[in-house]
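Report on the structure given below.
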Amino acid sequence: MSEAVTPLELDGIGKRFGRLSVLRGVDLRVEAGEVVGLIGANGSGKTTLLNIAVGLLAPTEGERRLGGRRAPQVELADRMRIAFVTHTTQLYPRLTARENLRLFAELRAAAGDAAALPDPLLERLGLAHAADRMVGTFSRGMMQRLALARALQGRPQLLLLDEPFTALDRPGRERLAEVLVEERAAGLAVLLSSHDYDAVVAVTDRVVLLEGGRLGGEARRGEGPEAAGYRDRVAALGLLRPSAGVDGRAEEAARA
Amino acid sequence: MGRLIPVVLLAIAAVVFPLSVETIFLDVGIERQLGTVQKIFYFHVPLAWIMMLYGVVCGIAAAVQLRRQSRGAEAIAIAAGEMVIVAGLGVLITGPIWGHASWGKAWTWDARQISTGLLWLVFVAYVLVRRYGAAGSERLAAALAIFGAVDVPIIYYAVKIWKTTHPSNEVVVSLPPEMWAALWPALGALLATATALVAIRARQELCEMELDDAWVRAEDPSVGTKGETT
Amino acid sequence: MRLPRQAWLLAKNDLRQELRDLELLATAGFFTLVVLVMFGLSFASLGRKVQPLAIPGMLWLAVAFVGTLTLTRIFDREREADTLRALLTAPVERVAIYVSKAFVTLLVLLGCCLILVPGLVFMFPAAQVMAEQPLRTAALVVLGCTSYAAVGTVFAAGLATSSGKNVLLSVILYPLTSPALMWSLVATRALLERHPDLPTYLAQLAALDVLLVVLGGWLFESVLVGTARSATASGRARGRRR
Amino acid sequence: MSTMLMLGAPEAAAEAPAGDGGGDEYEAVEGIDRETIECQRSCEAVAARKTASDYEHIVWAYGVLWSLFAIYGLMLWRRGQRLQGDVASLQAKLGRS
């Protein structure tokens with residue numbers, strides 16, 4: 001794939017369930033080599049937005065483009081290049097870690113795309129010692145790492161993470177951050193939703209705030225001296241401090 | 001325009017209805033074997049046809065709804081599904097009344113009775129899923145309607161397999177012309193009424209969907225009106 | 001090649017999990033046994049003449065009961081850890097998911113029939129025909145169970161992706177599968193009465209199976225994940241707003 | 001079409017075993033021995049009872065049928081009222097803001 005293609009573009013996405021409007025007019029682009037954080041209170045529509053991006057839900061209005069092409073349905077070819085990790089981890093508890101990875105690798109191979117070998121991935125995420133243990137015996141953090149390993153084995157161009165930090169301990173978070181930085185350097189586009197302020201600041205290039213189903217502001221990691229202010233700008237979005245609107249920049253961003 | 005269709009249909013029904021009563025009760029002779037009660041035939045059978053027709057309509061509309069995400073098709077599917085229940089109830093009640101008068105037994109567990117009952121149950125399930133299903137169950141309901149519509153010919157064919165007490169399909173085909181003449185107005189009146197009701201119901205459903213839109217917009221600050229709940 | 005290969009991989013995965021704890025087979029098998037005993041208690045005194053009328057009903061009612069149980073369990077398994085979503089977002093043909101789940105359901109149902117049919121033969125003299133014509137009986141059971149699995153898988157999967165409301169499965173499944181089950185009933189009665197038309201009925205049942213499998217496969221994806229409204233439709237919707 | 005039917009009707013009535021409108025046939029019966037008359041009368045009574053019962057069934061069936069449509073129509077009408085109420089409250093809400 002060439003550099004110019006944008007892995008994910010959401011254009012005017014709205015989602016309604018009857019009279020309940022979950023998302024309204026969300027425009028979001030995630031470029032290759034960019035890690036975008038999606039923050040917002042519970043019920044602000046983060047998970048719905050990710051589900052729409054990955055094709056599990058159909059938007060009520062708006063358009064989804066994957067790799068620059070309109071994607072009213074996320075076709076099999078699209079699913080080859082997208083990986084999705086949620087906080088429910090989606091692993092078979094009655095299979096071992098290796099079997100879990102192998103199942104999806106074989107499915108991918110049947111679809112005509114070679115997957116990365118399981119062992120180096122398990123190693124990379126610190127699960128080599130547990131490769132042959134049943135996933136049902138894993139801690140939540142281990143499952144989360146295994147789910148990430150599965151997501152990475154197809155060498156995706158777009159990675160969607162729903163609350164990836166929740167169950168991870170500190171070393172786990174650091175490892176996830178490391179992996180994200182490495183993969184970003186290799187051109188992976190990441191969209192992750194999180195409540196975790198520190199983690200978000202540490203790994204993202206850009207943070208967007210979802211508020212009541214619409215985008216409520218954006219903070220971008222700048223270059224040079226600007227970079228230092230990223231923490232404050234994220235804080236100013238108001239997820240962790242109640243003072244949304246005190247900072248003029250957030251207001252400005254919200255208007256834009 | 002859309003508003004006019006049910007009015008026209010109901011007007012047609014109002015004109016044809018007395019004509020149909022006249023032909024059924026005054027013009028047509030009494031059938032020799034079954035006697036006077038055979039006159040139930042003239043609205044029992046059209047009603048069964050209407051039930052099957054709207055079963056198929058519901059299935060086709062549901063298929064269009066799934067493929068095209070069309071609201072119009074969804075509204076028609078809902079309206080047709082409900083009409084299957086209403087017409088089916090009519091068939092299931094008038095049938096046993098006829099059976100009671102001519103065979104002395106209201107419900108004989110004959111194949112056509114059972115399969116009509118089953119078809120009816122399928123569409124009751126459709127309405128139940130639409131009403132009580134979680135978000136996204138409109139697609140499940142649509143699949144249910146499609147399977148239900150596929151059941152219609154199976155049910156029709158079932159009569160041929162089971163040799164039963166129910167008059168076979170040939171009775172309708174080999175009808176004397178005057179009976180046909182009495183069947184048409186009855187069918188016309190019932191079909192016009194049923195279609196009018198379906199059209200009204202479908203319009204209401206569309207209206208409801210647009211009202212949902214309007215409420216969402218009213219509560220959406222970006223349109224310029226400030227809602228209370230936001 | 002992709003579709004059969006992926007379907008086989010998924011089915012193998014289900015079977016591997018099943019072999020580790022035998023949960024599905026054990027519960028469904030036990031349930032079948034209980035139902036069989038109940039039938040025995042209720043109908044043991046039936047006369048030889050009426051037995052051919054009652055046995056088909058027992059066979060297919062038991063299949064319908066066990067089928068609902070099995071379908072619920074199979075998709076509960078995918079729901080526990082939300083793995084169905086993982087399959088839906090992976091590069092897997094959705095039809096392969098359908099085929100594999102229907103196949104596993106069919107296998108479990110056939111496993112139950114291995115208890116059910118000999119049990120009926122043991123309890124009712126009129127069912128002896130089934131022992132005398134094992135091939136025809138096998139064909140009948142496979143064809144009948146296939147039709148049930150073909151319909152049931154679509155709706156069990158559809159309910160598994162939405163939250164809760166598993167009650168709706170029986171509401172949907174019993175009316176919807178009954179035409180297929182009725183066909184099986186007729187064929188079973190023909191078998192018990194050594195009716196010469198049995199091959200015809202079996203052929204019709206097979207045709208019905210093909211129809212239901214094709215329809216189920218066609219609908220499966222639309223039931224599980226919706227498509228966005230087409231550009232023209234959403235354009236029209238937008239036009240209407242302004 | 002309907003005139004043809006009118007012409008066809010008497011024929012059909014004559015064929016039928018027991019028409020209740022056979023006033024002129026009655027005259028012809030006179031002069032026949034008592035037994036035959038009684039037999040015929042009892043037959044007629046049976047037929048009349050059957051016809052009456054048949055008509056009762058028909059009226060029931062017809063009544064059920066149209067009342068079903070009427071009930072459904074009423075339900076639709078009430079739904080329409082509710083929708084109109086909804087529209088009104090939406091208008092009120094838009095008017096207020």
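Of all residues in segment A:196-214, how many are in a loop (DSSP other than H, G, I, E, B), open to solvent by 10 Å² or more (accessible area, probe 1.4 Å) and at pLDDT 80 or above? So that I can check it myself, show each step before the final result.
First, pick out the residues of segment A:196-214 that are in a loop (DSSP other than H, G, I, E, B): A:196, A:204-205, A:212-213.
Then keep just the ones that are open to solvent by 10 Å² or more (accessible area, probe 1.4 Å); that gives A:196, A:205, A:212.
Subset that is at pLDDT 80 or above: A:205, A:212.
Here the count works out to 2.
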Close pairs from segment B:111-122: first touching a residue at least 24 places away in the same chain (Cβ under 8 Å) and open to solvent by less than 50 Å² (accessible area, probe 1.4 Å), partner of a type in the set (Gly, Ala, Ser) and part of a helix (DSSP H, G or I), Cβ under 6 Å, at least 6 apart: B:Ala111/B:Ala158; B:Ser115/B:Ala158; B:Leu118/C:Ser178; B:Val122/B:Gly148
Count of segment B:123-133 residues which are facing chain C (nearest Cβ under 8 Å) and touching a residue at least 24 places away in the same chain (Cβ under 8 Å): 1
Qualifying residue in segment C:89-97 (condition: within 10 Å of another protein chain (Cβ to nearest Cβ) and touching a strand residue (DSSP E or B) at 6+ places or on another chain (Cβ under 8 Å)): yes
Hits in segment A:180-194 (condition: under 13 Å from the mean Cα position of the chain (by Cα) and not in a strand (DSSP E or B)): A:Leu180, A:Glu183, A:Arg184, A:Leu188, A:Ser194
Test: residue in segment C:21-43 that is more than 19 Å from C:Leu71 (Cα to Cα), surrounded by fewer than 14 Cβ atoms within 10 Å (Cβ to Cβ) and of a type in the set (Gly, Ala, Ser): yes
Among (1) in contact with a Phe, Trp or Tyr (Cβ under 6 Å, 6 or more places away or on another chain); (2) at pLDDT below 95 - the single one C:Ser45 does not satisfy: (1)
Residue list for segment A:128-156, filter: within 13 Å of chain C (Cβ to nearest Cβ) and part of a loop (DSSP other than H, G, I, E, B): A:Phe138, A:Gln153, A:Gly154, A:Arg155, A:Pro156
Any chance B:Gly136 is modelled with pLDDT under 75, open to solvent by less than 60 Å² (accessible area, probe 1.4 Å), more than 14 Å from chain C (Cβ to nearest Cβ) and more than 27 Å from D:Tyr62 (Cα to Cα): no
Conditions (1) crowded, with 20+ Cβ neighbours inside 10 Å; (2) without any contact (Cβ under 8 Å) to a residue 24 or more places away in the chain: number failed by C:Arg16: (1)
Residue selected from segment A:145-168 under the condition open to solvent by 10 Å² or more (accessible area, probe 1.4 Å) and polar (S, T, N, Q), by the criterion modelled with the highest pLDDT: A:Gln157
Segment A:84-107: number of residues that are facing chain C (nearest Cβ under 8 Å) and either open to solvent by 20 Å² or more (accessible area, probe 1.4 Å) or hydrophobic (A, V, I, L, M, F, W, C) (or both): 11
Selection count, segment C:1-55, where residues are more than 30 Å from A:Met134 (Cα to Cα) and among the hydrophobic types (A, V, I, L, M, F, W, C): 16
Residue in segment C:67-78 that is in contact (Cβ under 8 Å) with a residue 40 or more places away in the chain and either under 18 Å from A:Arg102 (Cα atoms) or facing chain A (nearest Cβ under 10 Å) (or both) present: yes
Pick from segment A:23-44, criterion within 13 Å of another protein chain (Cβ to nearest Cβ) and surrounded by fewer than 22 Cβ atoms within 10 Å (Cβ to Cβ), ranking: nearest to A:Leu10 (Cα to Cα): A:Asp27
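Which of the residues that make up segment B:80-94 are farther than 17 Å from B:Ala196 by Cβ, more than 8 Å from chain D (Cβ to nearest Cβ) and surrounded by 24 or more Cβ atoms within 10 Å (Cβ to Cβ)?
Scanning segment B:80-94 gives B:Gly88, B:Val91.
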Filtered residues of segment B:105-157 (kept if among the acidic types (Asp, Glu) and either touching a Lys or Arg at 6+ places or on another chain (Cβ under 8 Å) or more than 17 Å from C:Tyr174 (Cβ to Cβ) (or both)): B:Asp110, B:Glu138
Counted residues, segment A:66-80 - those being more than 8 Å from chain C (Cβ to nearest Cβ), open to solvent by less than 50 Å² (accessible area, probe 1.4 Å) and outside any loop (DSSP other than H, G, I, E, B): 2
Candidates C:Leu168, C:Leu143, C:Leu208 - the one that is in contact (Cβ under 8 Å) with a residue 40 or more places away in the chain, facing chain B (nearest Cβ under 8 Å) and either within 17 Å of the chain's Cα centre (by Cα) or at positive phi (or both): C:Leu208
Test: residue in segment B:140-148 that is open to solvent by less than 20 Å² (accessible area, probe 1.4 Å), assigned to a helix (DSSP H, G or I), modelled with pLDDT under 80 and of a type in the set (A, V, I, L, M): no
Test: A:Gly112 is at the interface with another protein chain (Cβ under 10 Å from one of its Cβ atoms), under 24 Å from A:Ala189 (Cβ atoms) and surrounded by fewer than 23 Cβ atoms within 10 Å (Cβ to Cβ): yes
Meets criteria (over 30 Å from C:Asp21 (Cα atoms), basic (Lys, Arg) and free of Cβ contacts under 8 Å to residues at least 12 places away in the same chain) for A:Arg70: yes
Segment B:95-113: number of residues that are modelled with pLDDT under 75 and facing chain D (nearest Cβ under 9 Å): 1
Complete set of residues in segment C:146-164 that are more than 9 Å from every other protein chain (Cβ to nearest Cβ) and open to solvent by 10 Å² or more (accessible area, probe 1.4 Å): C:Thr146, C:Ala160
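The values are calculated or read from the model by the stated rules, or taken from the named source; none is laboratory data. In this text the structure is predicted, and so the values were computed from the model without any measurement. With ideal geometry, Cβ positions are generated from the backbone for all residues, glycine too; neighbour counts draw on all protein chains shown. Remember, those area values only see protein heavy atoms, side chains included, never the ligands or the DNA or RNA. Shrake-Rupley method; radii C 1.70, N 1.55, O 1.52, S 1.80 Å.
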